[in-house]
Structures are given as structure tokens and as C-alpha cells.
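Beneath this line is the structure, given in C-alpha cells, with notes to follow.
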Amino acid sequence: MPRELTITEEQELAHPPERVWRAITTGAGNLGWLYPMEVEPGVGGAVSRGGAEVVEWEPPHRFACRAGDGNGFSTTLSYRLDGTGGGVRLRADIHWVHEGEPDEGWDTRGDAAARYAGFYHHGLAEYLRHFDGRPATYVKAAREHAGVGELGIVAGALGLVDSDVAGSRVRLEPLGLAPLEGVLDYRDQDFVGVRTQDGLYRFFGGDRWRWPTWVAHHLFAPGVDGGTEARRWQAWLDGLLDGACAGAVGSDG
């Protein structure tokens, strides 16, 4: 029997539909809150991520793209923008269909997709409110293997304490990197988000799904070298978590 799952995120955005449309359907917009993804305008247009294709295109109110893996699994991402120049209600739906053999990872990936969607769409609102129209550089660094309690280690190494909650003013002090001052705009057991004057800094934990920890930042300061920044954050992440792992092994011995 086919399996289906739909994940829905709805939010009110105080921005004209045209601005929200740009943020979700252009490469420049996606760099500011999501990840690198180019969209070829029009039905049948290519989407650079996942081999997807545009299946609905009605600017600035309706957009959908669909990708399949050739083995009975397909994903459709659709956006509905309802509103006028004063604001818009954005509805995002992620629809999965699996018609192949039973997939043991279905529930895990479904839970992760739902939680990721909430974090990403919070980031969309932050981007539109604070950085819309500014060119962005996307910086990513990731661990190769899953660990245990790593997001807590990351938060502590940044200088966050338990009393720091969404809305708190914070100063991050990652060892070997420049300090960052801003607002803790998101924090739960899976994700940490910090907004500075020139960036959205995103930290992704994987404990819940036994996935590796990673970071993805959207930097808006002019002249940022994305490759250099990625190497710096990769070195920080590896040094921090390799050290924590070695310490845990040593304490057991």
C-alpha cells in the first residue's frame, strides 16, 4: 500500500507577496534563509536541488515543485501566498508519497522533515524582516558521523547558558573565530539560531534521529569568502567535537 505524509507550515508575514515570492523562488532569495537552490521560472522549469521540476507557477501566489527517486518515492513542495501589499499568509506543504517497498526510515525522516520545516520557516521570517534584498553567502560545515549530546556541547562552546532563551541578547565566543553579538532567535533541543547584524547563524543537532551535527550560516556582510568561512567553521566543529569524544573515551578508561 502507498504511504503518504503531508507536513504543513503556516505563518503570517508582514511583507508584500512579491517579496516573499522572491525569497522562496529565486536562488538569491534561498541563499538568505534556506540553502543554495536555483529555480527555473515556469511550469516544467528545473530546480537545482534533488532533480526537482516546477509543477505550479503563478507569481506571486502559487509555486510547487516535485522530485522523484525512480523507486516509487516522490516529494512535492508547494507554497500558497494569500494576501496583498500589506501582508501575506504563507502556507507551505511538503507531501511525500512512497509506493515502493516498505521504508524503515520513513518515520524518522518524516519527524525530521517536520521539525526542520519549522526551523527553516522561522528563518524565512527572520530573513525577510532583517535582511531582505541583501546578497547572502551560504556557509556550511558538517560532521561525518553522529554523536551524542553534541548540540549541547556546541551551545556551551559558543557561550550559551541554560537561561539563554529565544529573544535573549547573546555574545558568542567560538574558540579561534571572531566573537559574534546578536539575538538568540531560536532554541530548542534540536536547533539553535542566532541573528547578528550581518548574519543568521544556524546550528543543527542530530541526536533525535542519530544524524551528524552540522552548521549552516547565511552571511550578509560584503566581501565574505564563503570557502574560507566554511573551512573555519569546519575546523571549529571538528576540533570541538573530536575533543569532546576523546575526553569521553579517556574518562571511561
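Quick look at the values:
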| item | result |
| --- | --- |
| Estimated translational D of the chain in µm²/s (Stokes, Kirkwood radius over Cα pairs; 20 °C; 1.002 mPa s) | 110 |
| Distance in nm between pseudo-label sites at Trp209 and Glu53 (7 Å out along the Cβ direction from Cα) | 2.7 |
| Lys/Arg +1, Asp/Glu -1 at C-beta; the chain dipole; positive extreme among Gly205, Gly147, Gly86 | Gly86 |
| Average projection area in nm² (convex hull over Cα atoms of the stretch 1-107, one quarter of hull surface) | 7.1 |
| Accessible surface, per residue, of the stretch 1-109 when the full set of protein chains is kept, probe 1.4 Å, Å² | 52 |
| Size of charge dipole - the stretch 126-214 - debye, nearest 20, with Cβ of Lys, Arg +1 and Asp, Glu -1, no other charges | 180 |
| Largest-first principal axis extents of the Cα set of the stretch 1-55 (Å) | 42, 26, 20 |
| Cα-based Rg / Dmax (Å) for the stretch 117-233 | 13.6, 38 |
| Mean separation of Cα contacts under 8 Å (6+ apart) over length of the chain, as relative contact order % | 17 |
| Euclidean distance between Cα centres, the stretch 90-147 to the stretch 177-229, Å | 14 |
| Mean Cβ count within 10 Å, highest first, over the residues of peptides 60-66, 207-213 | 60-66, 207-213 |
| Phi to ³J(HN,Hα) by Karplus 6.51 cos²θ - 1.76 cosθ + 1.60 over the stretch 107-113, Hz, x for Gly, Pro | 5, 5, 5, x, 5, 4, 4 |
| Computed lengthening from Asp93 to Ala146, 0.36 nm per intervening residue step minus Cα-Cα distance | 16.2 nm |
| In nm, spacing of pseudo-spin labels at Glu18 and Val165 (7 Å Cα→C-beta vector) | 4.0 |
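The values are calculated or read from the model by the stated rules, or taken from the named source; none is laboratory data. Please read all numbers here as calculations on a predicted model, not as lab measurements. Using ideal geometry, Cβ is built from the backbone for each residue, glycine included, and neighbour counts are taken over all protein chains shown. Accessible surface is based on the protein model in full, side chains and every heavy atom, while ligands, DNA and RNA are left aside. Shrake-Rupley method; radii C 1.70, N 1.55, O 1.52, S 1.80 Å.
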